[in-house]
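Coordinate-derived values only; no laboratory data. Keep in mind that this is a model prediction, so the values were computed, not measured. As a convention, Cβ positions derive from the backbone with ideal geometry for all residues, glycine included, and neighbour counts pool all protein chains shown.
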Amino acid sequence: MIHLHEEASRCLLCENAPCSAACPKADPARAIRAIRFGNVNLARQWLDDVTPDELEAAEKACIHYDRPVRIKEIAKALPLPPMVDRLPSLAIKFCGIPCESPFFLASSAVSTNYEMVSAAFEAGWAGVYFKTICLQEIKEVSPRFDALHVKGTGDIYSFRNMEQLSEHTPQEDFSIIQRLKKNYPKKVVIASIMGKDEKEWTVLARRAEDAGADAVELNFSCPQMRHAGMGSDVGQNPELVLFYTACVKQAVDIPVIPKMTPNITNMSQPAMASFFGGADGISAINTIKSATMAPRAEVDGHRCISGLSGRAVKPIALRFILEIANSLDINRSERFGRSVDLSGIGGIENWRDALEFIQLGCRNVQVCTAVMQYGNRIIEDLKLGLQHYMADRGISRLDDLVGEQLPSFIPVSDMDRETIVFPKFDLDACIGCGRCYISCRDGGHQAIRLDENRRPSLDGSKCVGCHLCRLVCPVAAIDAAKRIPLSSLKRR
Ligand SMILES: Cc1cc2nc3c(=O)[nH]c(=O)nc-3n(C[C@H](O)[C@H](O)[C@H](O)COP(=O)(O)O)c2cc1C
Ligand code: SF4
Ligand code: SF4
């Protein structure tokens, strides 16, 4: 039997995919993308009514360098898509701005000129945080990126960049913003700006407003500015955050959204400072300071510390969002007299990632690295997946998901330590690889035995219920048993 996700992960996600070109009545490449981006349940719609001959032709046309992706097998294994009469709208207000969905391009390499942003809008993105505009001359290094890959699939799981801000003049960028707003009045265009002092912040914010930007994002967070006192130097200093936020607030009427740096121990301090400076929204996170050693990323024999993004940073970004949401009590605006809206960034690739940020209180999410890697087309699966999730739960307003998981986080001291959940082995699904045994033996509590048929069994007297075995099983053959009180175990 085919492993759908494993086979789909072999697909190279080709541009103008030869498999789909060979099979005009269906779109196997689109079906595979749905599997890759969290929508396995929806994938079959792109392979409906296709004949075995057409599937054969698609598979033959596959240009995979090793062997063709098994499109026929994938088609056979796909579940029937759910029947849904009408998909809910993803419309949501962010800082008072009506947005057709929460999905925005982040200020970065994906939002640097008119053509890129207009293509993203056409593809379905609801808005953009345009590449950060400043008054300094920006000169970039070459190469400017490095990446860590998932071996085998080539997917990038973390991405390091040394890029700074927009290389255009402010005049050029503000006229792009003006054109975007004129040609796409329903899309949201947010100008990301960075000044070096009060005057620069004020001037840039006013020019953004004059150009028709819907809001300004204050970049307090670029970790690799070559000019001191800018970027994350500001974000690490709550007094400066408060001061510059207040300056911009006084200068413009459009919403002001400071962007936080994760290169700090306690983000709540600058977040609170920006709130008291008058921020309407807060974005988090920018990239995390990091180092990689690959010679391919050296700049003339040298390296520097710079920002990490992509899949690997998501848990860190979620933690910061959670801390901001809790310190500003965003579920209960009465505490501070007014509310602030959160925009979540960091490692979002599919709708489940986005949902996690929304459930922790974000009304808006931004994507950079996933678009750099896979292109604007990921918006299709982001939107579809979230809409189907809402339909499945009978939710008609995205608002209802915002912050719904905040109460599930409690202080570590309040966690239940009186119960245990043992792992449960599905011996029909088990292939006898022994990975659970190895991990439990060398990294756990020596609680798994392998029998002569290589099948695992549990020694309940040693198992502490850590679930390492469940996490390493390559075929998901380990589940959780019922939670039971520790007091019911004789040994304890
Ligand atoms: C190549 C590159 C350029 C970036 N440029 C900017 C920028 O100009 N302004 C900014 O606020 N953030 C910038 N960022 C940070 C992103 O907006 C985003 O906060 C970060 O990459 C995390 O999101 P991700 O994991 O979806 O990439 C940049 C990121 C990358 C990878
Ligand atoms: S041609 Fe092969 S590798 Fe390319 S998109 Fe189609 S299935 Fe994937
Ligand atoms: S890791 Fe999973 S598949 Fe491998 S032996 Fe353990 S239960 Fe079986």
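Considering the Cα positions of segment 45-162, please state its Rg to one decimal place and its Dmax as a whole number of Å.
According to the Cα coordinates of segment 45-162, Rg and Dmax are 21.0, 60 Å.
Using square roots of five times the C-alpha gyration tensor eigenvalues, list the equivalent-ellipsoid semi-axes of segment 413-454 in whole Å, biggest first.
Square roots of five times the eigenvalues give 26, 13, 8 Å.
For a label point 7 angstrom out from the Cα of ALA228 toward its Cβ, which stretches of segment 156-198 have the backbone nitrogen within less than 17 Å?
In segment 156-198, the label zone of ALA228 (backbone N under 17 Å from the point 7 Å along Cα→Cβ) covers 196-197.
Where in segment 54-158 are there chymotrypsin sites (Phe, Trp or Tyr not before Pro) that are in a DSSP coil and have at most 12 other Cβ atoms within 10 angstrom of their Cβ?
Of the chymotrypsin sites (Phe, Trp or Tyr not before Pro), the ones in loops of segment 54-158 whose Cβ has at most 12 other Cβ atoms within 10 Å are TYR65.
So what's the back-of-envelope 222 nm ellipticity for the chain, counting only DSSP H runs of four-plus at -39500 (n - 2.57) apiece and dividing by all residues, rounded to 500?
After summing the helix terms and dividing by the residues of the chain, the value is -9500 deg cm²/dmol.
Cross-link partners among lysines for LYS490, C-alpha distance below 26 Å, same-chain residues fewer than 8 apart left out?
LYS424, LYS462, LYS482
Calculate I(q)/I(0) for segment 229-383 by the Debye formula, one identical point scatterer on each C-alpha and no solvent, and give its log10 at q = 0.08, 0.12, 0.15 Å⁻¹ to two decimals.
Rounded to two decimals, the profile gives -0.25, -0.55, -0.82.
Which loop-located trypsin sites (Lys or Arg not before Pro) does segment 108-179 contain, where loop means any DSSP state but H, G, I, E or B and the Cβ has at most 13 other Cβ atoms within 10 Å?
Filter output for segment 108-179: LYS139, LYS151.
Go from 0 up to the bin containing the longest alpha carbon distance in segment 416-488, width 10 Å each, and give me the % of pairs per bin.
P(r) over segment 416-488, rounded to whole percents: 21, 55, 21, 3.
Using +1 at the C-beta of Lys and Arg and -1 at the C-beta of Asp and Glu, which of ILE92, CYS62, LEU80 has the Cα lying farthest in the positive direction of the dipole of segment 1-104?
The one lying farthest along the dipole's positive direction is ILE92.
Can you tell me the alpha carbon radius of gyration of the chain divided by the globular rule-of-thumb value 2.2 N^0.38 Å?
In units of the 2.2 N^0.38 Å rule of thumb, it is 1.06.
Bin width 5 Å, alpha-carbon pairs only: give the P(r) of segment 298-398 as whole percents, running from 0 to the bin holding the largest distance.
2, 12, 18, 19, 17, 14, 8, 5, 3, 2, 1, 0
Out of all DSSP beta bridges with both ends in the chain, state the antiparallel percent to the nearest 5.
Antiparallel bridges make up about 45 percent of those DSSP assigns within the chain.
For segment 398-447 and segment 119-166, write down the distance between their C-alpha centroids in whole Å.
Result: 34 Å between the Cα centres.
Report, largest value first, the span of the C-alpha coordinates of segment 342-393 along each principal axis, in whole Å.
Computed over the Cα atoms, the extents are 31, 22, 12 Å.
Would you please classify the overall shape of segment 4-77 from the alpha carbon gyration tensor, given that a ≥ b ≥ c denote the square roots of the eigenvalues, rounded means a/c under 1.5, and beyond that prolate means a/b larger than b/c while oblate covers the rest?
The shape class here is rounded.
Pairs LYS289/LYS383; LYS314/LYS383; LYS182/LYS289; LYS186/LYS249; LYS93/LYS314; LYS259/LYS314: which are spaced more than 28 Å apart, C-alpha to C-alpha?
Pairs exceeding 28 Å: LYS289/LYS383; LYS182/LYS289.
Sort THR112, THR287 by Cβ crowding within 10 Å, fewest neighbours at the top.
By the 10 Å Cβ count, ascending, the order reads THR112, THR287.
Quick check on segment 126-211: of the DSSP beta bridges with both residues there, what percent are antiparallel, nearest 5%?
For segment 126-211, the DSSP antiparallel bridge percentage is about 50.
By how many nm would the segment from PHE276 to HIS302 grow when fully extended, if each residue of separation counts as 0.36 nm and the alpha-carbon distance is taken off?
Result for the pair: 5.2 nm of gain on full extension.
Calculate the FRET efficiency for LEU427 and LYS490 from the Cβ-Cβ distance with a Förster distance of 41 Å, rounded to the nearest 0.05.
0.95
Filter the GluC sites (Glu not before Pro) in segment 6-64 down to the DSSP loop ones having no more than 14 other Cβ atoms within 10 Å, then list what survives.
The qualifying sites are GLU15.
Taking the Cα centre of the chain as origin, sum charge times position over the Cβ atoms of Lys and Arg (+1) and Asp and Glu (-1), and report the length of that vector in debye to the nearest 20.
The calculation lands at about 1160 debye.
State, to one decimal in nm, how far the label point of ASP400 lies from the label point of ALA91, with both points 7 Å from Cα in the Cβ direction.
It is 1.7 nm.
List CYS473, CYS433 from most exposed to least, where exposure is judged by having the fewest other Cβ atoms within 10 Å.
Lowest to highest Cβ neighbour count: CYS433, CYS473.
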